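Below is one structure; the comments refer to it alone.
The values are calculated or read from the model by the stated rules, or taken from the named source; none is laboratory data. Just so it is clear, the structure is predicted and the values come from calculations on it, not from any experiment. A quick note on method: Cβ atoms are made from the backbone with ideal geometry, for glycine too, and the neighbour counts reach across all protein chains shown.
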Amino acid sequence: MAIQIKNLSYVYSPGTPFSHLALDDVSLEVPDGEFFGIIGHTGSGKSTLVQHFNALILPQKGDVMIFGQSVNNHRTDPEVRREIKEKKRSKKQLKQDKINLKALRRQVGMVFQYPEYQLFAETVFDDVAFGLKNFGEEDKSPEALERQVREALELVGLDFDEVRNRSPFELSGGQKRRAAIAGVIVTKPKVLILDEPTAGLDPRGKKEILALIHELKRTCSPTVIMICHDMNEIAEHCTRVAVLEKSKVRFVLPPEELFLRGDLIEELGLELPAPCRIARALNKRGFDLPENLFDAASLSRALGEALRRPPC
Ligand SMILES: Nc1ncnc2c1ncn2[C@@H]1O[C@H](COP(=O)(O)OP(=O)(O)OP(=O)(O)O)[C@@H](O)[C@H]1O
Ligand SMILES: [Mg+2]
């Protein structure tokens, strides 16, 4: 199991007048190899949830396991908690706890919303290499570094020799996003989390980034978790989808079951994929089309068949 969340709750600014319950008793599992989608109205807790998946936020209540290892052993284990409280945990043990957390984090790469805003180095090479240095790469030789940066840039479809010495800020929008993704996958995370990876891109850019994500799933990170507001993208790409509403997970379903519950999706303030909406509208006018069609080709096929059927 790649990620397991059990009874996770999280409050921002606890104990202050600004306190806000962002996650409320959330439990879910993401097995290895899945393309897992997360949807929900703005403010429902999606980004807070995924930041727990790589221990960027540590659980206040509940547990987060990454490949079977709890991120907060040293916090939730009552014995260890007592030791920390009574200052009985040695410096070495505390350091070890931190190292373990780093090793866990390395397995889960996080691509934030608009990742290009986080580019900062003077050259594309340095930007991508930062990820490796940050994780204390074992082999620090310049050759090893160059090999890994080259590989990451090529995986995201950028030409290493062309971009290595360029400022990341000179790149085009699409190239910047690719360079930022290279900085995450350079450590070869087993799980890749993307928070709205297609936000702000034109239709062609969106298509290209989604194709890239599939390629990365195949070649680098076998488990992908994607937050997305575009239901067409969710329907086309995800194997299962978690729906968040007001800090809770309402349900986790494969898209073909999820989008059959059109009334519920609309009640949650979410939009159905366009072909589902068209099928529903036609059914209200007397057609009998399946309502879990995700692409234009399936819809036109179903419509063709319906029109050929003799009227009852
Ligand atoms: N640093 C913070 N301090 C206080 N409240 C926060 C903080 N970050 C998020 N929140 C609040 O927690 C709730 C959940 O936020 P989160 O960013 O997880 O939502 P989201 O589902 O990702 O929303 P969006 O779709 O807009 O990105 C929101 O009400 C938000 O205002
Ligand atoms: Mg968010």
Subset of the stretch 23-42 (residues that are modelled with pLDDT of 95 or more, surrounded by fewer than 22 Cβ atoms within 10 Å (Cβ to Cβ) and over 21 Å from M1 (Cβ atoms))
D24
Being within 16 Å of ligand 2 (Cβ to nearest atom) and touching a residue at least 12 places away in the same chain (Cβ under 8 Å) is the requirement here; does F53 meet it?
yes
Does R218 meet the test of being within 20 Å of V108 (Cβ to Cβ) and not in a loop (DSSP other than H, G, I, E, B)?
yes
What's the number of the only condition in (1) β-branched (V, I, T); (2) over 27 Å from F130 (Cα atoms); (3) within 16 Å of ligand 2 (Cβ to nearest atom) that V80 fails to meet?
(3)
Can you name the condition, by its number, that V64 falls short on among (1) surrounded by 19 or more Cβ atoms within 10 Å (Cβ to Cβ); (2) under 18 Å from V241 (Cβ atoms)?
(2)
Which residue pairs have Cβ atoms under 6 Å apart, sit 6 or more places apart or on different chains, and have a first residue in the stretch 179-203 that is under 11 Å from Q107 (Cα atoms) and a second that is more than 16 Å from ligand 1 (Cβ to nearest atom) and charged (D, E, K, R)?
T187/R106
If only one of G33, G37 is of a type in the set (G, A, S) and away from ligand 1 (no atom under 16 Å from the Cβ), which one is it?
G33
Taking the criterion of being more than 15 Å from the chain's Cα centre (by Cα), among the charged types (D, E, K, R) and away from ligand 2 (no atom under 16 Å from the Cβ), would at least one residue in the stretch 30-39 satisfy it?
no
Give the stretch 237-276 a look and list any residue that's modelled with pLDDT of 90 or more and charged (D, E, K, R), or say none.
R240, E245, K246, K248, R250, E257
Condition broken by P189, with the remaining ones in (1) under 22 Å from K46 (Cβ atoms); (2) out of contact with any Gly (no Cβ under 6 Å at 6 or more places or on another chain) satisfied
(2)
For the stretch 222-241, does any single residue satisfy the condition of being away from ligand 2 (no atom under 16 Å from the Cβ), free of Cβ contacts under 8 Å to residues at least 60 places away in the same chain, assigned to a loop (DSSP other than H, G, I, E, B) and over 26 Å from R166 (Cβ atoms)?
no
Scan the stretch 10-29 residue by residue and report those that are more than 10 Å from ligand 1 (Cβ to nearest atom) and out of contact with any strand residue (DSSP E or B) (no Cβ under 8 Å at 6 or more places or on another chain).
P14, G15, P17
Taking A274 as meeting all but one of (1) farther than 22 Å from A306 by Cβ; (2) away from ligand 1 (no atom under 14 Å from the Cβ); (3) of a type outside the set (D, E, K, R); (4) out of contact with any Pro (no Cβ under 9 Å at 6 or more places or on another chain), write down the number of the exception.
(1)
For the stretch 215-237, name all the residues that are more than 23 Å from L289 (Cα to Cα) and surrounded by 16 or more Cβ atoms within 10 Å (Cβ to Cβ).
L216, K217, C220, S221, P222, T223, V224, I225, M226, I227, C228, H229
